[in-house]
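> Right, I'll just put the structure down here and ask away after.
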Amino acid sequence: MSSAANSETDFSRCLATGRPPNIQKLFPHSRALIVSSKYIDRAMIAKGRAVAMAANARSSFALKGALLGAQRANACLILEIARSEGGVKAYCDVSLWNIARQVDAACNELGISIPVAVHADHYGIKAKDEIEPAKIEIPSLFEHGITSIAIDASHLPDDENLLASLDLNPLLPDWAGLETEVGEIKGKAGLSTMEEALFLVRGLNAHSIFPNFIALNNGSTHGLEESGQGIQVELTRQIHEALEPYKVNGAQHGTSGNSSDRLRAIASSTRTTKANVATALQMVSWGVEVNDYGNATLNADGEFSKVKGQGVSGEVWEEMTAYAKEKGWSAGDYKKLNKPFENRLLGQPREVRQRMIQAVEDFVYDMLVNVFNARDTAPLAYEDILSSGSYDPGSSATRIEDPAEWTREKIIERAKVISSDKGPAGDFDD
């Protein structure tokens, strides 16, 4: 760790100045350095060609393991839960409203000192009539400790995507990290184009909205990857380069199903600073065999290969698989086991719980150090916090678009000439 954040005094100063107002109010006596994801993004930029893991916290085991892995790597971390996973219709016990409390408690319990952002991922808007209810719900997320959010209206046509973001942005604190998305994550179908991405980012810029991250449909998929198509690195690089004047970096979704080499290419040759890791953490914690592509291994019968002596106990695994069969769930539906089995998993013997957490820790550490080049990014965030003396480092972007050219009427007209393929309709939520 660098001298700027090497002492207990400096860490205390970071705690005093780097935590946003909602975190200070909720956890006044905490020693968890929960920050805006703006600081995480900036730390990756400062190191260069580094990517922060956005670890999906579907369970307390994934949450704790990710924290320990990042602490071991001395790396910044984002912990997140998507609206589909932890919203009103949740299939996980970790929710948009309790994730910050779980992160804070785990950080204090485990002695975590790295900077951590708490991200509401894929806050999806799938229809225009969902915007007004979102204006009520989004403030409640920040009241419960969220420090970063992805406003995802990528399911809508390009003009409605942009307009939804414009309508909802006033609900976000100025200090909060922001992710936007163009092109719904659908694998090889409906790949994002440079034209679509520029339309969204230019329109936001004209209204002085400067997202930290943009997610693309660049060939990735949520959950288990079956096509083998994978992330399109060159497409990603080209779009990121086009967006460079607007100082927005990439958020890579759907890392499962992509080899370490391909993810290293994303880190080294694109402007990606955030990468979501979800399904792999779930499977690793359960003791399911996972290959280099982050995919769980299936046997000839299409069932998961459980490694004896790893993850959940054999007895509990049998209960989980029996429950899934009773529900008629396929391999891709196993994520729905998180909510009904969280307490059952917490009730296992200590040594079983510990090996579940340890497996996630080892996986996260390896990804951060050997794939994402994120080792020792925590000190860079500390230095930034101490230098800015605030919970909000501001934005490196400036407005370069003319607001008069991006009125609601002109946005609708501009969108009519965009040529793109949105891919098939369907449920592509994580």
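> Give me the three principal axis extents of segment 1-95 from the C-alpha atoms, as integers in angstrom, largest value leading.
Here the Cα extents, ordered largest to smallest, are 45, 34, 22 Å.
> Among rounded, prolate and oblate, which fits segment 352-392 when a ≥ b ≥ c are the square roots of the eigenvalues of its C-alpha gyration tensor, a/c under 1.5 means rounded, and a/b larger than b/c means prolate?
Taking the square roots of the gyration eigenvalues as a ≥ b ≥ c, segment 352-392 is oblate.
> Now for a different question. With 10 Å bins from zero, work out the P(r) of segment 53-160 over every alpha carbon pair and list the percent per bin.
15, 46, 27, 10, 2
> Could you tell me the center-to-center distance, by alpha carbons, between segment 325-388 and segment 261-290 in angstrom?
After rounding, the separation between the Cα centres reads 11 Å.
> Here's another thing I want to ask about it. Taking the Cβ of LYS410 as the centre, find all other residues whose Cβ is under 14 Å away and add up their charges (Lys, Arg: +1; Asp, Glu: -1).
-3
> I need the shape label for segment 266-326. Rule: rounded when a/c is under 1.5, else prolate if a/b > b/c, else oblate, with a, b, c from the alpha carbon gyration tensor.
Because a/c hits 1.5 or more and a/b exceeds b/c, segment 266-326 counts as prolate.
> Rounded to the nearest 500 deg cm²/dmol, what is the calculated helix-only ellipticity per residue at 222 nm for the chain, with -39500 (n - 2.57) per DSSP H run of length n ≥ 4?
So the calculated ellipticity at 222 nm is -13000 deg cm²/dmol.
> Here is a follow-up. Once the Cα gyration tensor of segment 287-367 is found, what semi-axes does its equivalent ellipsoid get, as square roots of 5 times the eigenvalues, in whole Å, sorted largest first?
Working through the eigenvalues yields semi-axes of 20, 18, 11 Å.
> Taking just the alpha carbons, could you work out the radius of gyration and Dmax for segment 348-422, both in angstroms?
Just the Cα atoms of segment 348-422 yield Rg and Dmax of 23.2, 63 Å.
> What's the ranking of 348-361, 71-84 by average number of surrounding C-beta atoms within 10 Å, highest first?
71-84, 348-361
> Mind checking Rg over Rh on segment 103-208, alpha carbons, Kirkwood formula for Rh?
Radius of gyration relative to Kirkwood radius: 1.03.
> Ranked from highest to lowest mean number of other Cβ atoms within 10 Å per residue, what is the order of the peptides 282-292, 49-59?
With the highest mean Cβ count within 10 Å placed first, the list reads 49-59, 282-292.
> Here's something else I'd like to know. In a GNM of the chain with a 10 Å cut-off on Cα contacts, which of GLY347, GLY230, GLY65 has the highest mean-square fluctuation?
For the chain, modelled as a Gaussian network with Cα springs under 10 Å, the answer is GLY347.
> Taking the mean number of other Cβ atoms within 10 Å as a proxy for protection, how do you rank 146-154, 165-173, 30-38, 12-20 from highest to lowest?
Averaged packing, sorted descending, gives the order 146-154, 30-38, 12-20, 165-173.
> What is the calculated FRET efficiency for SER390 to ALA300, with r their C-beta to C-beta distance and R₀ = 60 Å, to the nearest 0.05?
0.55
Each reported figure results from applying straightforward, stated rules to the coordinates on display, with no laboratory input. As the structure is a prediction and not an experimental result, all values here were calculated from the model. When we count neighbours, we look across all protein chains shown, and the Cβ atoms used for this are built from the backbone with ideal geometry, even at glycine.
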